[in-house]
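Right, one structure below, let's go through it.
The values are calculated or read from the model by the stated rules, or taken from the named source; none is laboratory data. These numbers come from a predicted model, not from an experiment. Methodologically, a virtual Cβ is constructed for each residue, glycine included, from the backbone with ideal geometry; neighbour enumeration extends over all protein chains shown.
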Amino acid sequence: MSVESKTVNTVLGPVPADELGVVSVHEALLSVVPGAEHAFDITIDRADVFGTLAAKLRDFRAHGGGTLVDSTGMFHGRDVPLYEALSRTTGVHIVASTGQGPEEMLGGYFLTPQTDPPTPWPAEKFAGLFTDEVTQGMVVPRVERRGAAGLVATTATRAGMTPTDESLFRGAARTALATGVPVSIRYGSDAVHDLGVVLDEKVPAHRVVVGGLDRRDAVAAGAPLETARRGACVALDHVGTEDEAHLTDDERVALVAELVAAGFGNRVLLSCGATGVAKGHAGHDLPYSYVLTTFVPLLKARGVSDADIRRMLVDNPRDLLSAP
């Protein structure tokens, strides 16, 4: 199937894949720690949230951005009507996601269903939950379903994948197989192992993106190159973050150049993991435009070609998100 005939699920409906433009694949719009919406000391003023996010999306568009993927999943503040209004107002395509994780962030209902003794949900039950959000529309609590999710995203426990995390990963993989949307995973302690769980469900590797591969532990283990060798997408999705756990931007540039030189430029995705509005946690306050305004010039200075940069920002995410 040609690119021209493929589509991507956005909050305003299917969009031709070749109209996405520059895509930022791992970002957050409204990010709310589950339960914070009920806290006495936290205010969520929708007009204020809208104004803040609209300004950030307009800045992204002004610097050449076309599509933003909110990859936070189901219960971290996802607000589909808000995202619809933002997309209409700013002209930025917004792809929202289904999925859950890690285990510690799940509500009790998803951890201890009515079994004796309590057991994690099986993968097939998670798959049904996520698949309905792609085929029937994303749930807006107490209202209705709205537009279809364009991505299924899940995260493993940082210390290592738990049995519940594995159910989440396998359920996400089965949704990807059933619906054609891609699956995005954020690994726990071992990126290659966690990717293997998804690939074990027979999801084509090119439909999988592994996030967090600019973490120092991943790079030390050789995970970016091994992920690319297995055919999955390598997400360097903390661009602009420089702390003990992550590479510096200069080190990220070197990693991108290494992947390109090894023939894996067609597997690399770039984003900041920025948080537009955070409630209940500090968030990550970077402009969505940071990759375009700051990181791309660093890539060019390193000798990464315009064609390779376009591949990473336009072609690779388009191919990942578009239905096969």
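The set of residues in the range 60-109 being over 22 Å from Arg186 (Cβ atoms), of a type in the set (A, V, I, L, M) and assigned to a loop (DSSP other than H, G, I, E, B) consists of Val92 alone. Within the range 220-250, restricting attention to residues that are touching a helix residue (DSSP H, G or I) at 6+ places or on another chain (Cβ under 8 Å) and assigned to a helix (DSSP H, G or I), which residue is surrounded by the fewest Cβ atoms within 10 Å (Cβ to Cβ)? Checking each candidate, the answer is Asp250. Note on the range 264-306: among residues that are assigned to a loop (DSSP other than H, G, I, E, B) and aliphatic (A, V, I, L, M), the one that is farthest from Gly66 (Cα to Cα) is Ala282. Of everything listed in (1) among the hydrophobic types (A, V, I, L, M, F, W, C); (2) modelled with pLDDT of 95 or more; (3) buried (at least 21 other Cβ atoms within 10 Å of the Cβ), the single unmet condition for Ala85 is (3).
Residue by residue, here is whether (1) more than 29 Å from Thr175 (Cβ to Cβ); (2) crowded, with 20+ Cβ neighbours inside 10 Å; (3) out of contact with any Phe, Trp or Tyr (no Cβ under 9 Å at 6 or more places or on another chain) holds:
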site: Ser31; (1), (2), (3): no, yes, yes
site: Ala47; (1), (2), (3): yes, no, yes
site: Ser71; (1), (2), (3): no, yes, yes
site: Thr89; (1), (2), (3): yes, no, no
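If you take the residues in the range 9-46 that are more than 11 Å from Val95 (Cα to Cα) and among the hydroxyl-bearing types (Ser, Thr, Tyr), which one is nearest to the chain's Cα centre (by Cα)? The qualifying residue nearest to the chain's Cα centre (by Cα) is Ser31. Scanning the range 114-162 for residues that are of a type in the set (A, V, I, L, M), assigned to a loop (DSSP other than H, G, I, E, B) and surrounded by fewer than 17 Cβ atoms within 10 Å (Cβ to Cβ) gives Val143, Ala159. Within the set Pro317, Pro297, the sole residue that is modelled with pLDDT of 95 or more and more than 30 Å from Gly77 (Cα to Cα) turns out to be Pro297. Scanning the range 27-48 for residues that are modelled with pLDDT under 95 and of a type outside the set (A, V, I, L, M) turns up Ser31, Pro34, Gly35, Glu37, His38, Phe40, Asp41, Thr43, Asp45, Arg46, Asp48. Only one of the listed residues (Ala228, Ala220, Ala235, Ala262) is touching a residue at least 60 places away in the same chain (Cβ under 8 Å) and more than 19 Å from Arg61 (Cα to Cα). That residue is Ala235.
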